[in-house]
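Colleague: Got a structure for you, questions after.
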Amino acid sequence: MNRRGALQRSLKDVAEKSLPDATVRRLRVWRHRRYRTQYVERTVRHRYGGDEFQIIIRSPYGERYDHDWSELAEIALLKQGQLRPGALVFDLGASYGVIAMMLASAVAPGGRVIALEAHPDDALLAQENRDLNGLHNLDCVHAAVARTSGTVVFGHNGMVDDGAARWGSIPVTAWSIDDLADHYGMPSVVFIDVEGFEHQALLGASRTLREGPDWFVEVHSNELGRYGTSSALAVVECFDPKTYDLQAGVDRLVFVPGVGAVSETTFRPFTESPPDLLHERFFLIATAKCA
């Protein structure tokens, strides 16, 4: 860290210790909003998993999309199962919508992707990226996924609030996965990337789990405790071994100069995974045995 960065960090620590919590919260949200709003928007064109899309980049996070992307290992694996033309897919935690667009391409013709994103800025951006590329089989919905439908409080940092309101509080419409299935139809594939809220999402999917779609879950082991989940094993145990085969892998998306983003994730049976996997962020794929 350079001298300027160290000074900024020191001032931040002093402020958080000396100012009232409400003031610190407002400053934190203001700084985060300023960080995003000062970003100079641009539109890029790249190949993502074999398809060429235009993507609007509106924040530093979006820089990852200013590259060609190889096909993601999790998408390639799910294509061996129910991710195929005509399938209905739920993408829960869609962010910019880029992976939702890749999924929409995988299920065309005849398939459909329902993409939920809770952060209002990113939900709007996902819709704009969808429209820019004319993907009529992709529906972008500003909503969160939760154990029960209703309303959840969301933070400006892109996570469901854990009750501390450290990043502000944005009320967002919430859907349970079972209620989504009632509304849109039973999915063939469910993608979940919700920053530690994945166990809560799965607790609202009992009927859908019994129906046997294929699942991809990004498990944020170090964030689960914010929402009352004791360990990543609770996420794994949502999948009945009589119904599902489980595979796991650590995220290995590597940015190679002159090449782009290359997915080097390797999946293997969960039972063969090292014990310390449950203490890090990892990918879990559950494929239905009857598919």
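Colleague: Among Tyr184, Tyr244, Tyr65, which comes first, second and so on when ranked by fewest other beta-carbon atoms within 10 Å?
Modeller: Tyr184, Tyr65, Tyr244
Colleague: Still on this model: What does the charge add up to near Thr266, with Lys and Arg as +1, Asp and Glu as -1, over the other residues with Cβ less than 12 Å from its Cβ?
Modeller: -2
Colleague: Could you please report the charge total around Lys242, scoring K, R as +1 and D, E as -1 over all other residues with beta-carbon less than 12 angstrom from its beta-carbon?
Modeller: Details: positive: Arg210, Lys289; negative: Asp240, Asp245.
Cβ neighbours under 12 Å give a net charge of 0.
Colleague: Please sort by residue number the trypsin sites (Lys or Arg not before Pro) in the range 200-273 whose DSSP state is loop and whose Cβ has at most 11 other Cβ atoms within 10 Å.
Modeller: Lys242
Colleague: Over the range 112-241, what is the mean sequence separation of C-alpha contacts under 8 Å (at least six apart), divided by residue count, expressed as relative contact order in percent? Please list the in-between numbers first.
Modeller: Working: 218 pairs, mean separation 25.3, N = 130.
About 19 percent, as a whole number.
Colleague: Can you list which of the GluC sites (Glu not before Pro) found in the range 200-273 are DSSP loop residues with at most 15 other C-beta atoms within 10 Å?
Modeller: Glu237, Glu264
Colleague: To the nearest 10 degrees, how steep is helix 98-107 against the longest Cα principal axis of the chain, on a 0 to 90 scale?
Modeller: Value to nearest ten degrees: 10.
Colleague: Here's a follow-up. Could you run the Karplus curve 6.51 cos²θ - 1.76 cosθ + 1.60 with θ = phi - 60° over the range 241-250 and give me ³J(HN,Hα) per residue in whole Hz, x for Gly and Pro?
Modeller: Computed from phi, the couplings for the range 241-250 are x, 6, 9, 10, 9, 10, 10, 9, x, 8 Hz.
Colleague: Given +1 on the Cβ of Lys and Arg, -1 on the Cβ of Asp and Glu, and no further charges, what dipole in debye does the range 131-250 carry about its Cα centre, rounded to the nearest 20?
Modeller: 260
Colleague: List the relative contact order of the chain as a percent without decimals, with contacts defined as Cα pairs under 8 Å and 6+ residues apart.
Modeller: Computed over the chain, the figure is 15 percent.
Colleague: A further question follows. So for Ile57, Ile170, fewest C-beta neighbours within 10 Å to most, what's the order?
Modeller: Ranking Ile57, Ile170 by Cβ neighbours within 10 Å, fewest first, gives Ile170, Ile57.
Colleague: Same structure, new question: Considering the chain as a Gaussian network with a 10 Å cut-off on Cα pairs, which listed residue, Ser273, Ser188, Ser70, attains the greatest mean-square fluctuation?
Modeller: Ser273
Colleague: Based on other C-beta atoms within 10 Å, arrange Asp193, Asp91, Asp131 from fewest to most.
Modeller: So the residues, fewest neighbours to most, are Asp131, Asp193, Asp91.
Colleague: Can you tally the net charge around Gly50? Count Lys and Arg as +1, Asp and Glu as -1, for every other residue whose Cβ sits under 13 Å from the Cβ of Gly50.
Modeller: Result for the neighbourhood of Gly50: -2.
Colleague: Now for a different question. Tell me which residues come under 5 Å, amide H to amide H, from Leu92 once H is placed; ignore anything under 5 positions away on its chain.
Modeller: It is Leu116, Phe191, Ile192, Asp193, by chain and number.
Colleague: With angles folded into 0 to 90 degrees, how steeply does helix 3-18 sit against the dominant principal axis of the chain? Use alpha carbons for both and round to 10.
Modeller: 90
Colleague: Normalised radius of gyration for the chain, please: alpha carbon Rg relative to 2.2 N^0.38 Å, two decimal places.
Modeller: Output field value: 1.02.
Colleague: Please turn the phi angles of the range 148-161 into ³J(HN,Hα) values with the Karplus equation 6.51 cos²θ - 1.76 cosθ + 1.60 (θ = phi - 60°), one per residue in order, whole Hz, x for glycine and proline.
Modeller: Whole-Hz 3J(HN,Hα) from phi for the range 148-161: 10, 6, x, 9, 10, 9, 10, x, 5, 7, x, 10, 4, 5.
Colleague: Treating the beta-carbon of each Lys and Arg as +1 and of each Asp and Glu as -1, no other charges, what is the dipole magnitude of the range 232-280 about its Cα centre, to the nearest 20 debye?
Modeller: 140
Colleague: If you line up the long axis of helix 21-37 against the longest principal axis of the chain, both from Cα atoms, how many degrees apart are they, to the nearest 10?
Modeller: 70
Every number here is computed from the coordinates shown, using simple stated rules; none is lab data. These numbers come from a predicted model, not from an experiment. We place every Cβ from the backbone using ideal geometry, glycine too, and count neighbours over all the protein chains shown.
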